[in-house]
Amino acid sequence: MTFTVAIDGPAAAGKGTISKAVAAHFGFAHLDTGLLYRAVGRRTLDGEAAEVAARTLRPEDLERDDLRTAEVAQAASKVAAIPEVRAALVDFQRAFARRAGGAVLDGRDIGTVICPEAEVKLFVTASAEVRAERRYLELTAKGHVTTLDAVLADVRERDARDADRATAPMKPAEDAVLLDTSAMDIPAALAAAIAQIERKRPGRG
Ligand code: CDP
């Protein structure tokens, strides 16, 4: 059985948390596609050309423990606007999406470009202020030193770059279900996502 759940949305919307929990709930595999762009961005900060880094991405690049910083997020969003970088990452993502047993992919263009045929498409969002606060708490809990203002500025700058780029801009697919989590806690957002997936599972209405 193949079954693809595409979860897109802006920075720090909670896609990662929801995707991981949904994958665990249904026993699907999970791919955080943002990590691919973060790993490429990380290598550009180390001095490599983005296109070369994308073409030669290695499993260990995804295991580095410094991919979650705001500096790497900004680098990711810059390399993500380069068509050759995106093209180099397509096949891996598509193969992952169709693996047997079901897959959840989260990112910006999963429902629009990577898996337009996905059985379930969610676009998870929340106000920029709510998203910045969540990311601020996440970063400071991990020991990063930052301010709420700096995180909000990062979120806004990346959203603008991600939405305005010519190649695979961030936007909801026409058939995506919008999930605004501004006023939802994690269990509520997860329950809403699971309900959408249940409706589309094989053998259900
Ligand atoms: O966790 P957060 O939402 O802050 O970011 P992420 O999902 O790790 O993505 C980091 C950056 O990678 C984004 O700002 C996008 O520029 C880029 N990205 C993308 O272009 N396409 C994807 N499918 C996933 C991420």
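The values are calculated or read from the model by the stated rules, or taken from the named source; none is laboratory data. Bear in mind the structure is a predicted one, so any value in this text is a computation, not a measurement. Every residue, glycine as well, gets a Cβ built from its backbone with ideal geometry; the counts of neighbours run over all protein chains shown. Accessible surface areas use protein heavy atoms only, side chains included; no ligands, DNA or RNA. Shrake-Rupley method; radii C 1.70, N 1.55, O 1.52, S 1.80 Å.
For ARG201 and LEU178, calculate 0.36 nm times their separation in residues minus their Cα-Cα distance, and state this gained length in nm to one decimal.
6.4 nm
Provide VAL90, VAL5 ordered by accessible surface of protein heavy atoms (probe 1.4 Å), highest first.
Ranking VAL90, VAL5 by accessible area, largest first, yields VAL90, VAL5.
Can you give the helix-only mean residue ellipticity at 222 nm for the chain, where every DSSP H stretch with n ≥ 4 adds -39500 (n - 2.57) and the sum goes over all residues, rounded to the nearest 500 deg cm²/dmol?
-15500 deg cm²/dmol
Please say if the chain is rounded, prolate or oblate, where rounded means a/c under 1.5 for a ≥ b ≥ c the square roots of the C-alpha gyration tensor eigenvalues, and otherwise the choice is prolate for a/b larger than b/c and oblate otherwise?
In terms of gyration-tensor shape, oblate.
Provide the per residue accessible area, probe 1.4 Å, for the chain, rounded to a whole number of square angstrom.
Result: 47 Å² per residue.
At 7 Å along Cα-to-Cβ for each site, give me the label-to-label distance between ASP149 and LYS20 in nm.
A separation of 3.1 nm, rounded to one decimal place.
5 Å is the cut-off here: which amide hydrogens, built 1.01 Å from N in the peptide plane, fall below it relative to VAL177, excluding neighbours closer than 5 in sequence?
When sequence neighbours closer than 5 places are left aside, the close amide H contacts are LYS121, LEU122, PHE123.
Would you mind checking LYS121/LYS200; LYS171/LYS200; LYS121/LYS171; LYS15/LYS121; LYS15/LYS171; LYS20/LYS121 for any pair whose Cα atoms are more than 20 angstrom apart?
Violating the 20 Å Cα-Cα cut-off are LYS171/LYS200.
Considering only protein heavy atoms and a probe of 1.4 Å, how much of the accessible area of the chain is carbon and sulfur, as a whole percent?
It is 55 percent, rounded to a whole number.
With every protein chain in place, what's the accessible area of ARG58 (1.4 Å probe, Å², nearest 10)?
Roll a 1.4 Å probe over it and ARG58 shows about 100 Å².
Residue farthest toward the positive end of the dipole of region 63-153, with Cβ of Lys/Arg at +1 and Asp/Glu at -1: which of VAL79, GLY107, THR69?
Highest projection toward the positive end goes to GLY107.
Hey, what do the phi angles of region 30-38 turn into as Karplus ³J(HN,Hα) couplings, whole Hz, using 6.51/-1.76/1.60 and θ = phi - 60°, x for Gly and Pro?
With coefficients 6.51, -1.76 and 1.60, one gets 10, 10, 8, 5, x, 5, 5, 5, 5 Hz.
Report the relative contact order of region 21-126, percent, no decimals, based on alpha-carbon pairs under 8 angstrom and at least 6 residues apart.
36 percent.
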